[in-house]
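Okay, structure first, notes after.
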Amino acid sequence: MAVDSGERAGIEVEGLVREFKNGPRAVDGIDLRVAPGEIYGFLGPNGAGKSTTVLMLTTLLPPTAGTARVGGRDIVKEGPRVRALIGAALQEAALDPLLSGREHMRLQTALHGLPRAERTARGDELLARVGLSQAADRKVGGYSGGMKRRLDLALALVHGPRILFLDEPTTGLDIQSRTALWDEVARLAAEEGVTVFLTTQYLEEADALADRVGIIDRGRIVAEGTPAALKAAIGRPTVEAVPHEATDRERVAAVLSRFGEAGEGTRREGASVLLEGGESQLAEVVRALDAEGIAIERLQLHAPSLDDVFLAKTGRSLEGAEDQPAPEAGSEEAGAVGG
Amino acid sequence: MSRGIALAVAWRSVHNYFTNLAFLLPSIVFPLFFFTAFAGGLSAVGNLPGFDFPSGYTAFQFVFVLLQSAAFGGVFTGFGIARDFEGGFARRFLLAATDRRAIVAGYALAALTRAAVTWAVLTTVALVAGMEVGGGGVDLFGLFGLAVLVNLAAALWAAGVAMRVRSLQGGPLMQFPTFLVLFLAPVYVPLDLLSGWIHAVASVNPITALLEAGRGFISGEPTVVALAFAIAIALPLLFALWARGGLRRAEAAG
Amino acid sequence: MSAALPTQVGQLARRSVLRTLRQPAQIVSALVFPLFLLAVNSGGLKDATDLPGFPTDSYLTFALAVPFIQGALFSVMNAGTDLARDIETGFLNRLALTPLRGAALLSGLLAGAVVLGLMQAATYLAVGLIAGAELAAGAPGALVLVALSVSLTVGFGSIGLFAALRTGSGEAVQSLFPVFFVFLFISSMALPLDLIQTQWFHDVASANPVSYLLQAFRSLLIEGWNAGDLALGFAISAAILLAGMYAAATALKSRLVRT
């Protein structure tokens, strides 16, 4: 089947499943599409299934069920062709501490079959692009975390892939290194039309970089869309009030209910409301609570964030998600796809 | 010294030792293996002209393996100390102990307890294998007394290294000198059957006196007892100072 | 675009050699430890040559065979822990994303073992001869001895690769050391087979292939040319290599489950 150049750079996933022996379903039937040239952010807490998904899409782990086409090629039946189209910087930087940056480049260019005459030039070009020219001849064991990540990215680009997989590329990096990496990823997509599939547990990363975001929890996609659309679906600002005395929770909920619908996925110890009248209603909320004589320990106004989207869909915050017990199948929390 | 702290530290080490096969098995199996290889594989050496050890080659090698297991048992204690410092657990002890020397005492006590288990198994196997014991109760007390002192010396040596390096990377530093000292001694034949450079080195090696005394005890013909015990007592005293220096370094590092 | 097989092997071999040479601790311990034991054992058991039937007057010559076997054991550890580190750090995944063929990976990884094997063999032989050991087979025998040593090092290295691929853990590879140590000790390491008096020890040593590997080396050092001993030594070495590579290739298929 002929594949046009547009398809060649996209990702299509249908019902992808990965089950481990005697273990849970790490990926429990996901569907997604990434258009060519798009930056797709795959957001979720630790253990949600992000890295497992990446391993399958990069052909390093066969799926248990479902199909996926990367660059128009089937990940199971056309593994080598998929690998020729993609670059990947996986969760570990995957570098040899005994080799220098330049030696890594030399190895990678040779393994990808670049002609000998081009290897050095390509390696030097990429090292310069990620700001590692000066450190190129130093052993990687002496590199900082940020330098390792940059080298990792450069190695993933050696053969000019059309699709780039980045698995938590900025975890553990300082702000400066993180921003530099974001800039390079954004440039790759904008100027070179590279499709980027980026997994992250950082909200601001998904917000800053991604054209569209898929939120995964416990192996399933619970929400998908542009960051703006996802937040708008949560919609209005939310006020959350936590009383001083746990016994006042019902009274707080009753007061807040005068100002709008109850917020979804409220934390156990408080109550929340979606303000129909917007942020300006906050003062009225405070007066109403005061009038009832309820002592409030904490009052927060949320502008919707992706964490709120996650909270709304799963009842848990992204940051605390990995600490919570798994929901039972069929429960409200066993989220549905949507966004 | 804080007895409670020492016992607590010792209990933890001993508990981990007995509940973790990865620690327990090698400390028993390796000495047995060496004993088997040396006494079994080299038994013909006992027939060499001039080799007239009264209790036979099995007993001859038993003494070496006993002292070797005592020494390496002490060294492996050092590994445990290094691991505790590397992982941060040692800080608990440093915080809890009013007299921190008790921590080192606790580790040493654990080393001795573990060594006792090894010696019990080793001795049983040697006796079942037909080892002849010419010595009486007092002689055997002397033999195992030497082993206790060697174990203590090695544990304090290793503790001193471990507390200075505070990482398992110090392992070779603990092991290699111990290995050197043990093997540059009359391992396979008595001192008077060695010649050349190895005779010269073994003659000045303090372990030689311990081996000769130990072999004298097991054969019931004690020899160089005073020298052996002088060395065996001096070594732990010397390494106690070494360990104390290590403790001070560890305290200073925080 | 896919690199040709020789290019792949060459690049990985280059990396393997560089890594070996950049870990001096590995090289030094592989050289020093066996030589130290040789010195101690040949000094301590010098008079064993007085035993009736001992094949040579020089215990040093007899014992010189042992470092070649010990060196091969280090190859298990070095090759295995290097690959295990690649698995643990994810570097193997990086290689898996290239058009790299499994055969190239295994062959390339063993290149470092070849270099170390050559260094070891040359060092042991040189030090042994300087210390007074004999080499009855002369200069041609030295070449055969080095060839046997290198083939053994590569064979054991492939076992190390298998262990690394099977377990994915450097610690697990290291824990194999005692197992191989046992094989070395319960052999004709210290005395010829026919002088081992303890019956069970003699029986086990007689069944232990290491005894025949030692005999192959000793035949060159003590006797000169003994076709039977040499053929058996090379055959065992080849068998270890074939078995090791087959096991490693099978384990690689499981480890590298790429589609």
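The values are calculated or read from the model by the stated rules, or taken from the named source; none is laboratory data. Values in this document were obtained by computation on a predicted structure and should not be read as measured data. For neighbour counting, all protein chains shown are included, and Cβ atoms are generated from backbone atoms with ideal geometry for every residue, glycine included. When the accessible area is computed, the model is the full protein with side chains, heavy atoms only, and any ligands, DNA or RNA have been set aside. Shrake-Rupley method; radii C 1.70, N 1.55, O 1.52, S 1.80 Å.
Considering only residues that are in a helix (DSSP H, G or I) and open to solvent by less than 60 Å² (accessible area, probe 1.4 Å), look in segment A:208-237 and name the one that is nearest to residue A:282 (Cα to Cα).
A:234
Mind checking which residues of segment A:264-307 are touching a His at 6+ places or on another chain (Cβ under 9 Å) and part of a loop (DSSP other than H, G, I, E, B)?
A:294, A:295
Residues of segment C:38-69 being within 30 Å of residue C:165 (Cβ to Cβ) and either away from chain B (no Cβ under 14 Å) or surrounded by fewer than 22 Cβ atoms within 10 Å (Cβ to Cβ) (or both), which ones?
Result: C:67, C:68, C:69.
Out of A:66, A:44, I need the residue that is of a type in the set (Gly, Ala, Ser) and modelled with pLDDT of 95 or more. Which one?
Testing whether each residue is of a type in the set (Gly, Ala, Ser) and modelled with pLDDT of 95 or more leaves just A:66.
Of everything in segment B:172-200, what is of a type in the set (Phe, Trp, Tyr) and either open to solvent by less than 40 Å² (accessible area, probe 1.4 Å) or more than 7 Å from every other protein chain (Cβ to nearest Cβ) (or both)? Give them in sequence order. Step through it out loud before you land on a result.
Step one: filter segment B:172-200 for residues of a type in the set (Phe, Trp, Tyr), giving B:176, B:179, B:183, B:188, B:197.
Scanning segment B:172-200 gives B:176, B:179, B:183, B:188.
Give the residues of segment B:193-231 that are assigned to a helix (DSSP H, G or I) and acidic (Asp, Glu), sorted by residue number.
B:212
Which of (1) away from chain C (no Cβ under 12 Å); (2) open to solvent by less than 60 Å² (accessible area, probe 1.4 Å); (3) in contact with a helix residue (DSSP H, G or I) (Cβ under 7 Å, 6 or more places away or on another chain) does residue A:142 not meet, given it meets every other one?
Every listed condition holds for residue A:142 apart from (3).
In segment A:62-77, what count of residues is obtained for those that are more than 8 Å from chain C (Cβ to nearest Cβ), farther than 15 Å from residue A:9 by Cβ and surrounded by fewer than 22 Cβ atoms within 10 Å (Cβ to Cβ)? Write out each step before concluding.
Initially, segment A:62-77 is screened for residues more than 8 Å from chain C (Cβ to nearest Cβ), giving A:63-74.
This time we only want the ones that are farther than 15 Å from residue A:9 by Cβ, so: A:63-67, A:74.
Those still in the list that are surrounded by fewer than 22 Cβ atoms within 10 Å (Cβ to Cβ) too: A:64-67, A:74.
Result for segment A:62-77: 5.
I'd like to check something: does segment A:38-51 contain any residue that is closer than 22 Å to residue C:90 by Cβ, open to solvent by 10 Å² or more (accessible area, probe 1.4 Å) and either without any contact (Cβ under 8 Å) to a residue 40 or more places away in the chain or touching a helix residue (DSSP H, G or I) at 6+ places or on another chain (Cβ under 9 Å) (or both)?
yes
Hey, could you check segment C:97-110 for residues that are among the aliphatic types (A, V, I, L, M) and crowded, with 21+ Cβ neighbours inside 10 Å and say which is farthest from residue C:9 (Cα to Cα)?
C:97
Quick one: count up the residues across segment A:159-207 that are without any contact (Cβ under 8 Å) to a residue 12 or more places away in the chain and either surrounded by 14 or more Cβ atoms within 10 Å (Cβ to Cβ) or of a type outside the set (Val, Ile, Thr) (or both).
Here the count works out to 7.
Can you name the condition, by its number, that residue C:79 falls short on among (1) buried (at least 21 other Cβ atoms within 10 Å of the Cβ); (2) within 14 Å of chain B (Cβ to nearest Cβ)?
Only one criterion is unmet by residue C:79, namely (2).
Out of (1) touching a residue at least 60 places away in the same chain (Cβ under 8 Å); (2) under 14 Å from residue A:82 (Cβ atoms); (3) hydrophobic (A, V, I, L, M, F, W, C), what's the single condition that is false for residue A:26?
(2)
Inspect all residues belonging to segment C:165-184 and state whether any of them is in contact (Cβ under 8 Å) with a residue 60 or more places away in the chain, aliphatic (A, V, I, L, M), open to solvent by 30 Å² or more (accessible area, probe 1.4 Å) and not in a helix (DSSP H, G or I).
The answer is yes; a qualifying residue exists.
On the basis of being open to solvent by less than 10 Å² (accessible area, probe 1.4 Å) and modelled with pLDDT under 95, does residue A:84 make the cut? Spell out the reasoning first.
Numbers: open to solvent by less than 10 Å² (accessible area, probe 1.4 Å): no; modelled with pLDDT under 95: yes.
No, not satisfied.
Which pairs do you get when a residue that is facing another protein chain (nearest Cβ under 9 Å) and of a type in the set (Phe, Trp, Tyr), found in segment C:187-209, comes within reach of a residue that is surrounded by 21 or more Cβ atoms within 10 Å (Cβ to Cβ) and in a helix (DSSP H, G or I), reach meaning Cβ atoms under 6 angstrom, with the pair 6+ apart or on two chains?
Between residues of segment C:187-209 that are facing another protein chain (nearest Cβ under 9 Å) and of a type in the set (Phe, Trp, Tyr) and residues that are surrounded by 21 or more Cβ atoms within 10 Å (Cβ to Cβ) and in a helix (DSSP H, G or I), the close pairs are C:201/B:40; C:201/B:41.
From the list B:95, B:122, B:112, which residue is surrounded by fewer than 16 Cβ atoms within 10 Å (Cβ to Cβ) and of a type outside the set (Lys, Arg)?
Unique residue meeting the criteria: B:95.
Considering each residue of segment C:205-259, count those that are closer than 19 Å to residue C:134 by Cβ and either buried (at least 17 other Cβ atoms within 10 Å of the Cβ) or polar (S, T, N, Q) (or both), and give that number.
13
Is there a residue being facing chain C (nearest Cβ under 10 Å) and touching a Ser or Thr at 6+ places or on another chain (Cβ under 6 Å) anywhere in segment B:52-62?
There is at least one residue in segment B:52-62 that is facing chain C (nearest Cβ under 10 Å) and touching a Ser or Thr at 6+ places or on another chain (Cβ under 6 Å).
Here are B:41, B:87: which of them is over 15 Å from the mean Cα position of the chain (by Cα) and within 14 Å of another protein chain (Cβ to nearest Cβ)?
Values: B:87 fails: within 14 Å of another protein chain (Cβ to nearest Cβ).
When all the criteria are applied, what remains is B:41.
Test residue B:65 against the criterion of being open to solvent by less than 40 Å² (accessible area, probe 1.4 Å) and of a type in the set (A, V, I, L, M), and give yes or no. Write out each step before concluding.
Values: open to solvent by less than 40 Å² (accessible area, probe 1.4 Å): yes; of a type in the set (A, V, I, L, M): yes.
Yes; evaluated as a whole, the condition is true for this residue.
Is segment B:14-28 home to any residue that is modelled with pLDDT under 90 and facing chain C (nearest Cβ under 9 Å)?
For segment B:14-28, residues modelled with pLDDT under 90 and facing chain C (nearest Cβ under 9 Å): present.
Listed here are the residues, each with its yes/no results for (1) within 9 Å of another protein chain (Cβ to nearest Cβ); (2) at positive phi; (3) touching a Gly at 6+ places or on another chain (Cβ under 7 Å).
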{"residue": "A:82", "(1), (2), (3)": "yes, no, yes"}
{"residue": "A:90", "(1), (2), (3)": "yes, no, yes"}
{"residue": "A:98", "(1), (2), (3)": "yes, no, yes"}
{"residue": "A:103", "(1), (2), (3)": "yes, no, no"}
{"residue": "A:108", "(1), (2), (3)": "yes, no, no"}
{"residue": "A:116", "(1), (2), (3)": "yes, no, no"}
{"residue": "A:120", "(1), (2), (3)": "no, no, no"}
{"residue": "A:123", "(1), (2), (3)": "no, no, no"}
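Restricting to segment C:1-19, what's the tally of residues that are at the interface with chain A (Cβ under 9 Å from one of its Cβ atoms) and in a helix (DSSP H, G or I)?
Of the residues in that region, 9 qualify.
Only helices (runs of 4 or more DSSP H) wholly contained in segment A:99-158 count here; list those with 2 or more residues that are over 30 Å from residue C:103 (Cβ atoms) and either among the charged types (D, E, K, R) or at pLDDT 95 or above (or both). Break it down stepwise before answering.
Details: elements: A:101-111, A:116-129, A:145-156.
Fully inside segment A:99-158 and qualifying: A:116-129, A:145-156.
Select from segment A:159-195 the residues that are β-branched (Val, Ile, Thr) and assigned to a strand (DSSP E or B) and write down the one among them that is nearest to the other protein chains (Cβ to nearest Cβ).
First, pick out the residues of segment A:159-195 that are β-branched (Val, Ile, Thr): A:163, A:170-171, A:175, A:179, A:185, A:194-195.
Right, trim to assigned to a strand (DSSP E or B) and you get A:163, A:195.
On the way: A:163: 12, A:195: 16 Å.
Across segment A:159-195, the extreme among qualifying residues is A:163.
What's the total number of residues in segment A:238-251 that are assigned to a helix (DSSP H, G or I) and within 35 Å of the chain's Cα centre (by Cα)?
1
Any residue in segment C:231-259 that is under 30 Å from residue C:98 (Cα atoms) and modelled with pLDDT under 95 sitting within a Cβ distance under 9 Å of a residue that is surrounded by fewer than 17 Cβ atoms within 10 Å (Cβ to Cβ) and acidic (Asp, Glu)? List the pairs, counting only those 6 or more apart or interchain.
C:259/A:74
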